[in-house]
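Colleague: Structure provided below as structure tokens; questions to follow.
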Amino acid sequence: MNWNSSILWGIIGLIGGGLISSFFYFISKKRIKLSYDIVTTTLVSCNATKIKDLNIQYKGKPILNLYTSTLKIKNIGNCIIEHSDFAPSAPLSLITDGEFLVNEDTGRHILTENDFNRVIPIMEINNNVCRKSTIQFDYIAKNEIISCTVFHTGSLCISGKLKDGKIKNSEEKSKMPFIISTVIAIISSLTTIISLLYSCISPH
């Protein structure tokens, strides 16, 4: 077989160009992704409430368990995320099966947050009990981390749904490095195969 070198290199160029274009399209595609981490510290436990003459109350009721939790959220996508990127029916929130401690004068959390990251936990109070805190924020830039701290009884979980994106625990491994390395390996392998093929069919 004796192929014209310009035809062969044209085929190589088309294949290589297509693969490289697909690769850069993939890595530049808009990705809305958030990772989160919740760090919880126990302040009061059932054992502490057994101490004689120790009485811890909130709103006139004894507290058996009390925790402080800090929520950290990082934008791991490649675009700015705004509050409107969350579905109106499922905003970014913290939910507890106990209750959040709230400052009755302000209707907000008793711990004052700084304004650096523009984060405000908005407490939803029903029947004088708050079990849901909606996290308000202006926007989250690429690679930026926002955080807020809440006091609560009971367990805590994060809730919310992005209109077009994903929220994942920071401990979950990202598939992106694996995908990128796989694509690069495929391109390298195809380039090697084409080069070997060309060397075999070229006249000596």
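The values are calculated or read from the model by the stated rules, or taken from the named source; none is laboratory data. Because the structure is a prediction, the values reported are computed rather than measured. Neighbour counts are summed over all protein chains in view; Cβ atoms, including those assigned to glycine, are modelled from backbone coordinates with ideal geometry.
Colleague: Just to check your reading of the model, which residue among Ile187, Ile125 is part of a helix (DSSP H, G or I) and either touching a helix residue (DSSP H, G or I) at 6+ places or on another chain (Cβ under 8 Å) or modelled with pLDDT under 80 (or both)? Before the answer, list the steps.
Modeller: Working: Ile125 fails: part of a helix (DSSP H, G or I).
Of Ile187, Ile125, the one residue that is part of a helix (DSSP H, G or I) and either touching a helix residue (DSSP H, G or I) at 6+ places or on another chain (Cβ under 8 Å) or modelled with pLDDT under 80 (or both) is Ile187.
Colleague: State which residue pairs qualify: first residue on the phi > 0 side of the Ramachandran plot and inside the range 57-70, second residue of a type outside the set (Gly, Ala, Ser) in any location, beta carbons under 6 Å apart, and separation of 6 or more residues or different chains.
Modeller: Going by the 6 Å Cβ cut-off, there are no qualifying pairs.
Colleague: Follow-up question, since we're still on this one. Can Ile201 be described as surrounded by fewer than 14 Cβ atoms within 10 Å (Cβ to Cβ) and at pLDDT below 65? Lay out the reasoning, then the answer.
Modeller: Details: surrounded by fewer than 14 Cβ atoms within 10 Å (Cβ to Cβ): yes; at pLDDT below 65: yes.
Taking the combined requirement at face value, the residue satisfies it.
Colleague: Only strands (runs of 3 or more DSSP E) wholly contained in the range 1-119 count here; list those with 3 or more residues that are closer than 21 Å to Ser133 by Cα, at pLDDT 75 or above and hydrophobic (A, V, I, L, M, F, W, C). Talk me through it step by step, then tell me what you get.
Modeller: On the way: elements: 33-44, 66-75, 93-96.
Here the list reads 33-44, 66-75.
Colleague: Being modelled with pLDDT of 90 or more and on the phi < 0 side of the Ramachandran plot is true for just one of Cys148, Cys130, Cys157. Which residue is that? Break it down into steps so the answer makes sense when it comes.
Modeller: Numbers: Cys148 fails: modelled with pLDDT of 90 or more; Cys130 fails: modelled with pLDDT of 90 or more.
When all the criteria are applied, what remains is Cys157.
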